[in-house]
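Heads up, the thing below is written out as structure tokens.
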Amino acid sequence: MKKMFTKEVKIAVTVILCAVILIIGIDYLKGVNIMKPVNYYNIQFDRVSGLTLSAPVEISGFQVGLVRDMKYNQNTGKIDIEIDIDKSINVPVGTYARLESDILGTSIVALYPALTAENMYQPGDTIPGVIEEGMMDSVGKDILPKVTEMLPKIDSILTGINNIVNSPELAVTVTRLDAITADLETTSGELSKFMTCQFPAIGNNIDTAVYNLKGVTSELDNANIKGIAASADTVLMNIKDITAKLNEQTNTIGLLLNERGVYDEVVNTLQSADSLLIDLRKHPKRYVHFSLFGKKDK
């Protein structure tokens, strides 16, 4: 019995099947469902930065189709985009497509349906397209002028910092800081040695002082404080009595201290006695006379 297919035919059929499977697999990975019916629409954009084939077409963030083809239209100078949309989704007249980019620059086609329209776009119609201003466009329009304005200020700040860093005063200050740090390290080492060597002796002296203080306190506790206080009270009472008697006029001292007349008489008497003694020394013969022959001097 003859073979119906030669080896070459089998190889060709196998290659074709593999190619078909590969194409279907690639489309599946791209999100294309070849078994699902779709309608095709056209969109025109001035530019398509970041947009690629098989990029998603979304309505309110929900994917309804894919970008199927892109080509440059020499007549209009725009980019013609062909998209497919699930056949079950109607596109009202007045709907527009917007090219939107994320932070990474990847673009999608977002459809914004007209909610009040009664007529629908038919497959093959062209949907108006607009382009959303991307992040880089916003940066170029808003941020770059501000950055350009700030550049001279930044340059002045950097120049000032450079002058400070390169100034001799800073080098001198750093040198002084190094010297201060070295002195602090030396002082810290000496203090550590002092604490290690002298602190025990200081502690012993403190212990001795505390011990002596305890001894003095103990001696004070044992002393007859009450007896000393009683003796002091007695002395004070005696002084009080003496003071009282000195103030009285019933005795000589009291009269002398308190009566001016008595005091004056005593003073006069003393003055008279003093005058008498002076005269006695000058003229002793007036008061004592021993003569055998002559008269008494007058």
Return the pairs, sorted by first residue and then second, in which the second residue is buried (at least 16 other Cβ atoms within 10 Å of the Cβ) and acidic (Asp, Glu), the first residue lies in segment 63-92 and is within 16 Å of Leu51 (Cβ to Cβ) and free of Cβ contacts under 8 Å to residues at least 12 places away in the same chain, the beta carbons are less than 6 Å apart, and the residues are 6+ apart or on different chains.
Lys71/Asp80
Can you find even one residue in segment 5-19 that is modelled with pLDDT under 85, farther than 26 Å from Tyr121 by Cα and surrounded by 12 or more Cβ atoms within 10 Å (Cβ to Cβ)?
yes
Quick one: count up the residues across segment 141-168 that are within 29 Å of the chain's Cα centre (by Cα) and not hydrophobic (A, V, I, L, M, F, W, C).
7
Quick one: which of Gly129, Gly189, Gly140, Gly134 is at pLDDT 80 or above and within 30 Å of Thr95 (Cα to Cα)?
Gly129
In segment 244-255, which residues are surrounded by fewer than 10 Cβ atoms within 10 Å (Cβ to Cβ) and modelled with pLDDT of 70 or more?
none
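The values are calculated or read from the model by the stated rules, or taken from the named source; none is laboratory data. From a predicted model like this one, the values you see are computed outputs, not experimental measurements. Virtual Cβ from ideal backbone geometry, glycine too; neighbours counted across all protein chains shown.
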